[in-house]
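Novice: My structure is below; once you've seen it, I'll send some questions.
We did not get these values from a lab; they are worked out from the coordinates using the rules stated. Computed from a predicted model, the values in this text were never measured in an experiment. When we count neighbours, we look across all protein chains shown, and the Cβ atoms used for this are built from the backbone with ideal geometry, even at glycine.
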Amino acid sequence: MDANSQRMDTPFRINLSFLADQMGCQPSEVLETIKSNPQEFQTSNWLLMLLRCDYGKIHHQAMELFDQAVRTTENQIVRQFRVSPSISEDLIQQARFALFRKLADEAFEPRQLLAYYSVILRNIMKKHARQMARNQALFAQPQDEEPTWLETADTEPLPAERMVEDERRSILLRKIEQLPKRQREVIELRYLKELSYEEVQQYFGHSSLQVTRNLCSVALMKLKELFAHEGDMLLED
């Protein structure tokens with residue numbers, strides 16, 4: 001896939017010439033410089049600059065470095081919270097999406113980018129765990145008793161509620177149609193048709209699952225940006 005399609009769509013960018021100056025090399029040598037010593041460029045300061053780079057191939061390389069840097073931590077956190085693989089993938093994507101949104105802010109300069117990301121992921125995992133606990137408590141009723149919350153709940157949504165939900169879905173579908181073709185397809189496959197990341201990978205013929213995850217993150221970011229531009233709140237966290 002073209003590396004430019006993996007780029008974060010943010011207003012704050014760092015250009016190739018700036019990176020070359022920081023590395024002490026020519027712009028044409030930046031990519032090879034990164035590939036020759038990837039561990040050096042997995043530090044917070046370098047990752048912060050590379051992820052903000054406006055040159056697609058550099059940003060694509062930065063996404064791979066970021067994935068390598070955080071994958072072990074992600075696995076540890078997932079094991080700690082005992083989240084299933086399918087759910088953990090979605091929670092990880094939420095955490096990455098939240099971090100990438102912060103990168104659009106020029107004032108965002110965390111001392112430890114990876115530690116900051118770990119905090120985001122832990123908070124999302126905690127929120128999910130709390131929600132699961134509430135769901136379990138809600139249904140923890142004796143089998144011969146009808147849950148008390150059913151006594152006041154309607155089995156069918158009210159007409160006004162249906163109208164609101166229909167309108168929200170209509171807005172969402174219109175926004176999805178505004179996405180570039182590849183981003184629109186990945187949103188439809190992953191979140192509307194509910195295909196797994198592996199199935200989406202097979203559909204597009206991606207060389208690795210991470211390419212698919214990155215495309216999903218970028219597509220979600222662009223979709224949320226479309227809502228933000230018009231003040232819509234449909235996709236608010």
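Novice: Excluding residues on the same chain fewer than 8 positions from K193, give the lysines whose Cα lies under 30 Å from its Cα.
Specialist: K102, K126, K127, K175, K181, K222, K224
Novice: Beyond 22 Å, what share of the Cα-Cα pairs of the range 4-125 is found? Please give it as a whole percent. Write down the numbers at each step before the final one.
Specialist: Details: 2584 of 7381 pairs.
Above the 22 Å cut-off, the range 4-125 has 35 percent of its Cα pairs.
Novice: Work out, step by step, the length gained on full extension between E109 and Q76: first 0.36 nm times the residue separation, then minus their alpha carbon distance; give nm to one decimal.
Specialist: Here the answer is 9.3 nm.
Novice: Could you let me know the centre-to-centre spacing of the range 51-129 and the range 172-227, using Cα atoms, in angstrom?
Specialist: Each part's Cα centre sits 18 Å from the other's.
Novice: Thinking of the range 53-120 as a set of Cα atoms, what percent of all their pairs are more than 15 Å apart?
Specialist: Everything past 15 Å amounts to 59 percent.
Novice: Give the calculated FRET efficiency between I87 and T43 to the nearest 0.05, with a Förster radius of 25 Å applied to their Cβ-Cβ distance.
Specialist: Values: r = 31 Å, r/R0 = 1.23.
Efficiency for this residue pair is about 0.20.
Novice: Evaluate the distance, in nm, between pseudo-label points positioned 7 Å from the Cα of D54 and of D21 along their respective Cα→Cβ axes.
Specialist: 1.4
Novice: The range 165-209: Rg/Rh from Cα coordinates, Kirkwood Rh?
Specialist: Numbers: Rg = 12.0 Å, Rh = 11.3 Å.
Answer for the range 165-209: 1.06.
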